[in-house]
Amino acid sequence: MAQVSDWTRVGNDVFYRKAELYTMEWGGGINVEEVLLSGAPYGGPIALTWLQEGRTKHRAPQSPATPTIVIFSAAGVKMGIIKWGNAPLIAMGWTLSEDLLCVQQDGAVSMYDMFGNYKQTFNMGPEAKDTGILSAKVFEGIQGTGVAVLTATHRLYVIANVAEPNPRKYADFPSADVSCWTVLREERALKVLLCQHDVLCWSSAANTRADVVQAPHVTEGVEDPVVIVKVSVSSNQRCIALLSATGKLWLGSSDLLTRFTLHDTRSNVCPRHLAWCGSGSVVLVWEVTLQLVDITGSVATFYLDSPVHVVQELDCVRLVGDTSHHILYKVPHASVETLGIGSMSPGALLVEAHLGYEEESPRAYDCLKLIQGKEEEAVHTCLEAARHDMSVDNVKLLLKSSLFGLTFLPPLEPNTFKDTALKLRILNDLRSKKIGMPLTWQQLERLTLEVALERLVARRFFPVALAIARTLGLETQLVPRILAHWACYKIANTSDKNDEQLARDIHSKLGYTAGISYTEIANCAHSLNRRQLAVKLLGYECRARAQVTGLLRLEERAAALARAQATGDTDLILTVLLDIKRALPLGEFLMVVGGSPLCRAVYARSCAAGAQEALRDLYVQDDNFHEQARLRLLEAYDNKRTDLRLGLLQSTAECFRRAKDELGVQLTEEQMRLLKCQVGLEELHHKSYVNLSLVDTLMQLIRDNHIKDAEKIRADFKITEKRYWYLRVTAHAAANHWQALEQFVKSKKTPPIGYEFVVDACLNNNSQSEAKKYVDKVKDENKAEYLRKCGLVSEAEKFTAESTSSVLNLARVTGFLS
Amino acid sequence: MTVGGRVDFSLVRTASRETLSKLLDGIPGNKAIVWEKELAGSFSLVGDFSYLRSHGVTQMFYLSGEHARSPSVPNIHIVFITKPHTESMDAINVYLRGLPEGSRELHLWLVPRSSLLCERRLQEHGVLGRFTAVTELPLLLFVLESDLVSMEMPGAFREWTVEGDPSAVHAAARALMLLQAVYGLIPSVHGKGTNVAALYDIMVELRREMANNEPQVPSLIDQLIILDRGVDLITPLATQLTYEGLIDLCFGIKNSVVKLPESRLAGGAESEDGVGSLMDTQGAALKPVLLSSSDPLYAGLRDANFSAIGPKLAAHAKQITKEFEERHLAKTVVEMKHFVQKLPRIQAAKQSLALHTSIAEALQEEVGTSSFGAALQHEQQLLRGGIDCDKVPPFIEESIGGKAPLNTVLRLICLQSVINNGLKPKLLEHYKRELVQTYGYHELLTLDNLTRAGLLTAQTQKSNYASMRKTLRLIVDDVNELNPKEISYVHSGYAPLSVSLARAVHSHGWRSITELLTVLPGPTLAEAQHVPRHRRSESVSSDRASSPVVLIFFLGGCTYSEVAALRFLTSKLHENGDPEYVIATTSLINSNSFLQNLSAPLQP
């Protein structure tokens, strides 16, 4: 039968349940009253420190001699110790990433991880340092966790997000004692509410002076100036609770405009804690009495075993006592419906039917009959109740009932049930004493599973996290991250093992899991000053680019270069080469480059784009004269000035000589002679000759009728007779010097180049009549073709000759379009 | 296009689009694109303007080496898209000078990969900081046809032969990994050539890098044959005589688009509308024409020998006329309606016919010149082994004497050198001297480049071309161009060496031609990639009902004649037992562009 006996009725059909989460051992007994305690939300760790003299009447007997902060899991398992040697501690708080923030009296804020390892320190600005801090709050800001401090000079400084610790001064407020204050998060801005006697001040970063308003009346109809001594804002920032020195409680909206209810606690003693339990009620805690005030005005009182600290959660409060850790939450509507005594809702009937079925009683049938047609609703209510119930027995009962109900339904959404069951199992695991993360369903939904897993990893519960990630099918996103965390933890905590062994251990665990980044792990090893290990780990990295850049970071340049070359990725090789170039003197660098053809090509390519001198350095180093000659040649043609070009050609020839390229030397020297010769011709004939080739120069001279010059050059450059004939005929024909052509052709009995060439030269310059003069002398085997070319078709037909090629017959297709 | 059609590269386009969309959508709001002209052309193979517009691209500009004209550039985010070349960075720097600082976000996307060198160049210019992000846009493959993808990296061959820079090999390995990501791991890998082993090593490396994250796709391609261009330097030097090959040779096809002088397109000029005409450098109006198999007429023409084009066009004309004449036969309203429905298709076919008739006429004009015919005759003589390669052939002497275009002369000299396994030192020297004297000293660098590329070398070993010709049946004397039976129709007698090699490898592996392998340059590759059982496709397992698919990767470019030859084999797969071939290449080349790419850009 379901456990409802521990439900406490608060008003009509509203129940609250206080249940024990863990018995606390604290590793040796703690008196909660004597410590300053801060519990992280979402079932996070608990930090506590013993209050120092001056703040309590006598020093606590358990407190150690030196000030110490001890961190426990929510289940009371010790996780870390911080020896506190700094200025007095004012406040502690937890960030969203579960780091502990300790605010000191001098405005310095130190950050530790949950194992008490120091992370960093920042401060709240010079004024806070000079004047000291009265009180401080760590709060959940808009983008991250923030810290607000109140200085002794009544100034407010706020860091909106500890990730960017820039303290900002908030609006000044009337200088008077502040009885209590709190930080309120609005949609886009943070506001601070300060209570000074009977006035309230709103301070923010936006305005220069705080808005001062009268405190709302805490007694119905009476305008009593009261001092507000405690203030609390609900986790969703919508509701606020104000408690007067006279014990009157005001509950309303956080803008102070709407009042939900007034309540008289009938106690002049200021309670130790005032906190919201969800957004529907407020708890006030004196010594061992807890009063719960609903926003409708209903009240319930609980009696506790020991004094407690209250941790306000999204949807509940947790009460951390000397020996036990309790949770107090509102029993959700679905639970009341299904498990509530006397409930006749479909959900309750389904539970009843299930129980009847188990007992083999006809009751099962009767109950099922009653919910006919409403089975789906019943199943959903049971599931809903199961999600929010914190009692394992109840959850079991509800899950079984809904499974029983599902059998009467077509397979609608089997996943809903499966998902719920899976998540409940995860929650159950998280809540276990070993892990100690007492999350409610709602908190898990808000936190998301991914974050919950990250927190598990941060607590070093690697196998559980892995198992959960694999069960959820989140292999690709989460598993590599979890494994990487494990590896880093392993590296940080095993200093004795040798690098080889450790790298192999890590690799044997991680293998080539999809998405695993050995670079990340190597970076971690490097940051822990284990360079050799980092190099070994990088050896397992399979993404070449990551591996090579990682090796470069470790200054393992030779290995990086070898690896880059193996990939064949030229950009990567260049990355390494340029890194080496920065690190080594030029000579040594060039030795490295010259060491492999691939490197040389890649580097040469990078130099070719505008760094020719660097390229020359390389070739000089290599004694590569051929390449040097090419470079000089390119340079020569970059220079339009003849004298400069001549000089560069001279060095080109020199390079060719040293490269033992005889032809290159000859041709280059010839070109220099030609260039000089052309310059002379230009002076003589006032015409442009430079930049023409030898043949073109001759042709130009012939066209311009400077035959003598041409003959001279011909002799100078030892041009063969045949060559000379070709160019002479071509030039004469091109210039339409037909007479000169005829004269020249007749100068020999048969031209050494044949008459065919002469005919073609004429035809190419559109002179059939000239061509005809020579066509008769064409060799017989070509005669038909040449006659046809000259348009003498009838003569051509006399010569029966084959057509040149069968390829070139295109049957013309015309006429069909008209 | 393919008969088998088991592998359709349009999936690659889909993948590219996804990559591009993701990047475009990563920048909110409207954006303007500033890109290199050649990239803009390649991008048109990924998505047209309406696609870009749907992803918020409102304006596009070319990176022309000039300042941005501020008023014309709207005040929105600007995305620069360039290749990772330092020259492009310089152009961006110049462009940015015309753009006031601040107020807009600048992005730089490098295709196909990011480059440290480029970032450093921008840093030197002091403009790197102005960019919000420099991102890699990994568009490695552009789909030209359902069986043909190109990396559009025309500089690849030059880079690794002349400059010794193997960056393109890495890119090619990434492209192959991309293909394997889409079509599954290829179980059998063969290859030949200098860079092939390096390429495969990088592929292994990239696979290792993926560790256990390999995409789980069933294998659709059964074999990969990687051919380094250096293995077959004959084919790119030979004149390709297919219709498409000739169009490329004479006018140049870029990204499936050919720009034709409008004067040449008298009949078909009005057929394509909506495409603005451009001017070429001489000021003659140029008209872009898309060449794709989506036009059924072109699909039938592209891979045919040019001499078959006339009859094919005539037959097509007859067919259209016949269909058009059917209107007289349509008596009833129903028949009339039937005819009217066919009308748009007939109109389109007619326009296409007019277009290709004018293209064919323009080609005929080029092909009909005596210089073209004479060079072709010389080339065929060389290929048949009818010319003594240790002497200067009269045709070459005459061509140099008459100062024929340098590319023509170089092409034939290189062909002589390649089939002769290099020239006698004396002869080589003679050629070099003649060429330098005729075409200018600055061409010395071009000649040096050709030597490095293995096209113009001194002989070290006796030529084995004759035996190769026999073993692989490279020369077929009796070619039927109209109704081809052999792949040699693509060069009217010469069967591309590369394709013959691929065929031999596919049918018998390397063992059948071990002797040849020792004379071809570079290492020989025969590897198996283990494909897990569940990822094997039906054909890899024993089912032989469908023929296997072979991917040929041309490392360093392939010609349209090779494409045509492989398509011809695919179309005959049921008769000859050939597999279905699909083709990937670093770029498409012809003898002109091949040599042009290797020449040194020096001005006298």
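The values are calculated or read from the model by the stated rules, or taken from the named source; none is laboratory data. Just so it is clear, the structure is predicted and the values come from calculations on it, not from any experiment. Here the Cβ is made from the backbone with ideal geometry for all residues, glycine too, and neighbour counts use every protein chain on show.
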Taking region B:358-395 and keeping residues farther than 30 Å from B:Ser263 by Cα and either assigned to a loop (DSSP other than H, G, I, E, B) or among the small types (Gly, Ala, Ser) (or both) leaves B:Gly385, B:Gly386, B:Ile387, B:Asp388, B:Cys389, B:Asp390, B:Lys391, B:Val392, B:Pro393
Number of the condition not met by A:Val548 [criteria: (1) surrounded by 21 or more Cβ atoms within 10 Å (Cβ to Cβ); (2) not in a helix (DSSP H, G or I)] | (2)
For region B:400-410, name all the residues that are touching a helix residue (DSSP H, G or I) at 6+ places or on another chain (Cβ under 7 Å) and more than 10 Å from chain A (Cβ to nearest Cβ).
-> B:Ala404, B:Leu406, B:Asn407, B:Thr408, B:Val409, B:Leu410
Determine which member of the set B:Tyr441, B:Tyr465 is of a type in the set (Phe, Trp, Tyr) and either modelled with pLDDT of 90 or more or under 24 Å from A:Phe717 (Cα atoms) (or both).
-> B:Tyr441
Test: residue in region A:617-628 that is more than 11 Å from chain B (Cβ to nearest Cβ) and either within 29 Å of B:Leu206 (Cα to Cα) or under 39 Å from the mean Cα position of the chain (by Cα) (or both) | no
Give the number of residues within region A:36-52 that are touching a Leu at 6+ places or on another chain (Cβ under 7 Å) and touching a residue at least 40 places away in the same chain (Cβ under 8 Å).
-> 7
Looking at (1) away from chain B (no Cβ under 13 Å); (2) assigned to a helix (DSSP H, G or I); (3) of a type outside the set (Ser, Thr, Tyr), find the lone condition where A:Glu555 falls short.
-> (2)
Identify the single condition in (1) crowded, with 20+ Cβ neighbours inside 10 Å; (2) more than 14 Å from every other protein chain (Cβ to nearest Cβ) that A:Asn493 does not satisfy, given that it satisfies every other one.
-> (1)
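Hey, does region B:490-497 have a residue that's assigned to a loop (DSSP other than H, G, I, E, B), modelled with pLDDT of 90 or more and within 26 Å of B:Thr161 (Cα to Cα)?
yes
Check every one of the helices (runs of 4 or more DSSP H) wholly within region B:81-180 and list those with 3 or more residues that are surrounded by fewer than 19 Cβ atoms within 10 Å (Cβ to Cβ) and hydroxyl-bearing (Ser, Thr, Tyr).
Because the criterion is at least 3 residues that are surrounded by fewer than 19 Cβ atoms within 10 Å (Cβ to Cβ) and hydroxyl-bearing (Ser, Thr, Tyr), no helices (runs of 4 or more DSSP H) in region B:81-180 meet it.
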Mind listing whichever residues of region B:203-244 are more than 27 Å from B:Asn449 (Cα to Cα) and assigned to a strand (DSSP E or B)?
-> B:Ser219, B:Gln223, B:Leu224, B:Ile225, B:Thr242
Restricting the search to region A:562-614, which residues are in contact with a Phe, Trp or Tyr (Cβ under 8 Å, 6 or more places away or on another chain) and closer than 19 Å to B:Glu159 by Cα?
-> A:Leu574, A:Val593
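Select from region A:367-411 the residues that are in a loop (DSSP other than H, G, I, E, B) and more than 39 Å from the chain's Cα centre (by Cα) and list them in ascending order.
The initial filter retains those residues of region A:367-411 that are in a loop (DSSP other than H, G, I, E, B), namely A:371-374, A:389-391, A:407-411.
Hits for region A:367-411 are A:Ile371, A:Gln372, A:Gly373, A:Lys374, A:Ser391, A:Thr407, A:Phe408, A:Leu409, A:Pro410, A:Pro411.
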In region A:191-238, which residues are at positive phi and touching a residue at least 24 places away in the same chain (Cβ under 8 Å)?
-> A:His197, A:Gln237
When residues of region A:509-527 are limited to those that are more than 14 Å from chain B (Cβ to nearest Cβ) and loosely packed, with under 15 Cβ neighbours inside 10 Å, the one farthest from the chain's Cα centre (by Cα) | A:Lys509
Verdict on A:Gln532 being within 14 Å of another protein chain (Cβ to nearest Cβ), part of a helix (DSSP H, G or I) and surrounded by fewer than 17 Cβ atoms within 10 Å (Cβ to Cβ) = no
For region A:652-750, list the helices (runs of 4 or more DSSP H) that sit wholly inside it and hold at least 2 residues that are at the interface with chain B (Cβ under 9 Å from one of its Cβ atoms) and among the aromatic types (Phe, Trp, Tyr); which are they?
-> A:721-734
List every residue pair whose Cβ atoms sit under 8 Å apart, with the two residues 6 or more apart in sequence or on different chains, where the first one lies in region B:421-445 and is within 9 Å of chain A (Cβ to nearest Cβ) and the second, anywhere, is surrounded by fewer than 23 Cβ atoms within 10 Å (Cβ to Cβ) and among the aromatic types (Phe, Trp, Tyr).
-> B:Gln437/A:Phe717; B:His442/A:Tyr637
Filtered residues of region A:569-598 (kept if in a loop (DSSP other than H, G, I, E, B), in contact (Cβ under 8 Å) with a residue 24 or more places away in the chain and over 34 Å from the mean Cα position of the chain (by Cα)) | A:Ser596
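Is it the case that region A:574-590 has a residue that's in contact with an Asp or Glu (Cβ under 6 Å, 6 or more places away or on another chain), small (Gly, Ala, Ser) and away from chain B (no Cβ under 12 Å)? Step through it out loud before you land on a result.
Of the residues in region A:574-590, the ones in contact with an Asp or Glu (Cβ under 6 Å, 6 or more places away or on another chain) are none.
No, the conditions are met nowhere in region A:574-590.
Please work out if B:Lys312 is within 14 Å of chain A (Cβ to nearest Cβ), among the charged types (D, E, K, R) and within 36 Å of the chain's Cα centre (by Cα).
The answer is yes for B:Lys312.
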Find the strands (runs of 3 or more DSSP E) located wholly in region A:240-301 whose residues include 1 or more that are basic (Lys, Arg), and list them.
-> A:248-253, A:259-264
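When the residues of region B:529-542 are narrowed to those that are surrounded by fewer than 16 Cβ atoms within 10 Å (Cβ to Cβ) and closer than 17 Å to B:Tyr183 by Cβ, which ends up modelled with the highest pLDDT? Walk me through how you get there before you give the answer.
Of region B:529-542, the ones surrounded by fewer than 16 Cβ atoms within 10 Å (Cβ to Cβ) are B:530, B:532-534, B:538, B:541-542.
Still in the running and closer than 17 Å to B:Tyr183 by Cβ: B:530, B:532, B:534, B:538, B:541.
Numbers: B:His530: 81, B:Pro532: 74, B:His534: 66, B:Glu538: 50, B:Ser541: 40.
Among those that are surrounded by fewer than 16 Cβ atoms within 10 Å (Cβ to Cβ) and closer than 17 Å to B:Tyr183 by Cβ, it is B:His530.
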Where B:Ile81 falls short, out of the listed (1) over 23 Å from the mean Cα position of the chain (by Cα); (2) modelled with pLDDT of 85 or more; (3) aliphatic (A, V, I, L, M) | (1)
Within region B:171-187, is even one residue at the interface with another protein chain (Cβ under 10 Å from one of its Cβ atoms) and more than 20 Å from B:Val231 (Cβ to Cβ)?
-> yes
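Name the one entry in A:Ala601, A:Ala636 that is part of a helix (DSSP H, G or I), facing chain B (nearest Cβ under 7 Å) and closer than 30 Å to A:Lys660 by Cβ.
Numbers: A:Ala636 fails: facing chain B (nearest Cβ under 7 Å).
Criteria check complete, one pass: A:Ala601.
Just to check your reading of the model, which residue among A:Ala583, A:Ala608, A:Ala629 is crowded, with 18+ Cβ neighbours inside 10 Å and either on the phi > 0 side of the Ramachandran plot or of a type in the set (Gly, Ala, Ser) (or both)?
On the way: A:Ala583 fails: crowded, with 18+ Cβ neighbours inside 10 Å; A:Ala608 fails: crowded, with 18+ Cβ neighbours inside 10 Å.
The match here is A:Ala629.
Just to be sure before I move on: is B:Ile226 crowded, with 22+ Cβ neighbours inside 10 Å, closer than 30 Å to A:Ala564 by Cβ and more than 12 Å from chain A (Cβ to nearest Cβ) in the structure I sent? Let's see the steps before the verdict.
Details: crowded, with 22+ Cβ neighbours inside 10 Å: yes; closer than 30 Å to A:Ala564 by Cβ: yes; more than 12 Å from chain A (Cβ to nearest Cβ): yes.
Judged against the criteria, B:Ile226 is a match.
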